[in-house]
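Let me begin by presenting the structure, written as C-alpha cells, before commenting on it.
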Amino acid sequence: MTELLSITQDYVKNHVIPRYQNSKKGDNGIVLVIGGSSLYHGAPLLASLSALRAGADLVYAAVPRIIVSAIRSYSPNIIALPMTDNSLTIGSANRLIKSLPKIPHTAIIGMGMTISKVEALNLLVKKLKENGTKLVLDAAALVPRVISEIAETDTIITPHAGEFKRIFNENVGVSEKEVLSNVLRMATKHKITIILKGWLNVIADESGKVATIKRSTPAMTVGGTGDVLAGLVAALYSRMNSPFDASALAVYFNGVAATIATEQIGFHLVATDLIENLPKAMKPFDKISRQKI
C-alpha cells in the first residue's frame with residue numbers, strides 16, 4: 001500500500017538521530033566516498049566535505065592518484081586514499097577494499113567516476129556489501145547491470161531524470177502523478193530506495209512509502225548540488241537504519257541550506273555555499289542523549 005508522507009519540520013525533528021554524550025570517534029559515522037577522474041576532481045571532494053559537515057566522524061575519499069593532491073590540498077579534514085588507476089578497474093577495486101583503514105558504515109560510489117568495466121563496479125559493490133557497508137549509488141554507478149547486485153540490499157540510488165532512464169531503461173514521466181508512480185514502482189520492484197532529483201524531488205522505498213520535496217530554489221541547478229546531497233545521504237545513513245528516512249532528511253537539509261544561501265547571495269550560489277550553510281540548516285535539529293557505557 002502506498003504511503004505518501006509529508007517531510008515537515010516535525011517529521012525531521014522526530015527522525016534525527018541524537019549524538020550521544022560519551023560517543024567516541026567513529027560512532028557518529030564512517031563514510032567512504034569513491035569517485036572522481038582526471039576531469040572531475042570536484043565531485044568526490046564536494047561529497048566528502050558535505051558528509052563531514054553533516055556530522056560524520058571520518059570520511060575517506062578514494063580517488064584516482066592523479067587527483068589525490070588536489071583533494072588533500074583543499075582540506076586537511078578528508079582522508080584521501082589514492083586509487084592506482086584513473087578509471088575503476090577490477091584491480092583497483094580489489095586493492096581499495098584491502099587498503100581501507102576502517103570498515104565504513106556507508107559508501108557513496110559514482111560521482112565524477114570513470115568506470116573501465118561494469119564488472120569492476122559490481123565487484124566493488126559486492127565486496128562492500130560483504131563487509132556490512134551500506135551503499136549509496138550516484139552518477140556513473142547508475143547503470144543497468146548494477147541492479148542485480150543492489151536489489152534487496154537497502155541500497156539508496158540518487159538519479160536525476162536522465163540517469164533514471166539509463167538505469168531502468170524507461171522515462172520517469174512528465175506529470176507529477178506519472179513520476180510518483182514510476183519511481184515508486186521501480187523502488188518496490190527492485191527493493192531499493194530511490195531519490196529522484198529535480199524540481200520535484202521524489203523519495204520512494206520498497207515498502208511503498210513515498211514523499212515529495214519541491215526544490216527550494218532554482219539556483220540549485222548549479223553543478224555539484226547533487227554531490228552535496230550524496231554526501232548528506234551517506235552521513236545520515238551511516239547512523240540510521242532507515243534508508244528512506246536518511247534520504248528524506250538529506251533532501252530536506254540540502255534544500256534548507258540552499259534557501260539560506262539564496263537569501264544571502266541570490267541566484268549566484270555554488271555548491272560549496274550549500275556545504276557552508278549545512279550547519280545552519282541542521283543545527284536547529286541537533287539532539288544530544290546519554291548512552292550507557
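Structure values in brief
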read-out	value
Matching label, Cα extents along the principal axes in Å computed from the structure shown, candidates (1) 68, 53, 39; (2) 45, 44, 44; (3) 94, 52, 30	(2)
Potential extension, residue 221-residue 264 segment - 0.36 nm per residue separation minus Cα distance	13.8 nm
Computed over region 150-288: relative contact order in percent, which uses C-alpha pairs under 8 Å that are six or more apart	19 percent
Residue 88 long-range amide H proximity, modeled H, under 5 Å	114, 115, 116
Under 20 Å from the residue 200 label point (7 Å along Cα→beta-carbon), backbone N, region 1-29	2-8
Sparse-neighbourhood loop sites, trypsin sites (Lys or Arg not before Pro) in region 254-293 - DSSP loop, at most 10 other Cβ within 10 angstrom	287, 290, 292
Of 13/214; 134/165; 24/197, pairs whose Cα-Cα distance is over 31 Å	24/197
Projected label distance in nm at residue 13 and residue 283, using a 7 Å step from Cα toward the beta-carbon	1.8 nm
Region 26-45 versus region 58-85: alpha-carbon centroid distance in Å	8 Å
Calculated from backbone phi, Karplus (6.51, -1.76, 1.60) coupling profile of region 238-250 in Hz, x at Gly/Pro	5, 10, 10, 8, 9, x, 5, 5, 4, 5, 5, 5, 5
Percent of beta bridges antiparallel (DSSP, the chain, rounded to nearest 5)	20 percent
Calculated from backbone phi, Karplus (6.51, -1.76, 1.60) coupling profile of region 72-80 in Hz, x at Gly/Pro	5, 6, 6, 8, x, 7, 9, 9, 8
Length-normalised contact order for the chain - Cα pairs under 8 Å, 6+ apart - percent	23 percent
Chymotrypsin sites (Phe, Trp or Tyr not before Pro) within region 198-293: DSSP coil, no more than 14 neighbouring Cβ in 10 Å	199
Cβ-placed point charges (K, R +1; D, E -1), dipole of region 3-289 about Cα centre in debye, nearest 20	560 debye
Interchain or long-range residues, amide H under 5 Å from residue 83's placed H	63, 65
Residue-by-residue Karplus 3J(HN,Hα) for region 88-100, coefficients 6.51, -1.76, 1.60, Hz, glycine and proline x	6, 10, 4, x, 5, 5, 4, 5, 4, 4, 6, 9, 5
Average Cα contact separation per residue, region 8-151, under 8 Å, 6 or more apart, as relative contact order %	23 percent
Ordering of 38-50, 16-28 by burial proxy (mean other Cβ atoms within 10 Å per residue, highest first)	38-50, 16-28
Within region 142-229, GluC sites (Glu not before Pro) in DSSP loop having at most 16 other beta-carbon neighbours inside 10 Å	152, 170
Selection from 160, 198, 240, by position along the positive dipole direction of region 3-289 (Cβ)	240
Helix-only mean residue ellipticity at 222 nm for the chain, each DSSP H run of n ≥ 4 adding -39500 (n - 2.57), per residue, nearest 500	-13000 deg cm²/dmol
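Quick note: the coordinates plus some simple rules give every number you see, no bench work behind them. Here the structure is a predicted model, which means the values were calculated and not measured. Cβ atoms come from the backbone with ideal geometry, glycine included; neighbour counts cover every protein chain shown.
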